[in-house]
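Here is the structure we will look at, set down as structure tokens.
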Amino acid sequence: MPPVVPGGQLARAHATAEPGWSEPGALRGSGYAARGSFRDGARPAPLTPTVYIVDDDAEMRETLRSLVSSVNLPVETYASGQEFLETQNGGRAGCLVVDLRMPGLSGIDLQDELVSRGLTLPVIIISGYGDVPTAARAMRAGALDFLEKPVSRQLLLDRVREGLEVDRQRRLADAERAEIGGRVARLTPRERQVMELVVSGNSNKVIAMDLGLCEKTVEVHRAHVMEKMMAKSLAELVRLAMQVLPSGSIPSPVRS
């Protein structure tokens, strides 16, 4: 790895550029409340946004840890991809900053392992040996960014904040889908049938004919669906259903 300055120096703004970084100067704050650093002791709660740094170079780990801590973000450091996977599997909130070239699992190998486990932790890969094919592979696999050294400190922090926001939005969407899935689970089989036909655009008359019911019964089922799904309008019901129902489970509308 290219030489970098000791980690403690990152907490101070310098008048001249530092090795390993492309610009001097003060850093913009993160907007997060101060939480401090955690490692090998009390860890943040699972949903506390944390920056996970994986690098086999101890000096670089400390450099990055100090940089992230300087803007009051929780941070954990790991000496290898395997250590990271053994201590936590990427299912916690936050984002991952990982070096490309490391013994054992490389940065891209670690990213691929997370993808294979169905984990969506945003990944930022940094390296002094980047090339277009490697960067393209990382981006295709879902990396948030691929940064070449010397790295702009502000750019790295901006990407970290972006990664934390991407992760936050994903988790909010996952939580909403889980909540909606719970509502769907409370529907009876007949109510689910009615809902699927309703959201596909069928009228009560068509649904009654399709299911062999009278229109009044369909109206009762439809009312139960709206209540259990906590939908205030047909448009809202459609939005909720589309988030959790497989696309193939929603029949095409039947013309009367």
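Just a few scattered comments:
- Cα-projected label distance for SER152 with ARG140, points at 7 Å along beta-carbon direction, nm: 2.8
- Cut-off under 5 Å, modelled amide H: who pairs with GLY128 long-range: LYS149
- Per-residue ³J(HN,Hα) for the stretch 196-210, Karplus 6.51 cos²θ - 1.76 cosθ + 1.60, θ = phi - 60°, Hz, x for Gly and Pro: 4, 6, 5, 6, 7, x, 7, 7, 4, 5, 5, 5, 4, 5, 5
- Dipole magnitude for the stretch 186-249: about 120 debye, using +1 per Lys or Arg Cβ and -1 per Asp or Glu Cβ, origin at the Cα centre.
- Note on THR217 and ARG171: with the Förster distance fixed at 45 Å, the Cβ-Cβ geometry gives a FRET efficiency of about 0.65.
No lab work stands behind these numbers, since they all come straight from the coordinates. As the structure is a prediction and not an experimental result, all values here were calculated from the model. Glycine gets a Cβ as well: all are built from the backbone with ideal geometry, and neighbour counts include every protein chain shown.
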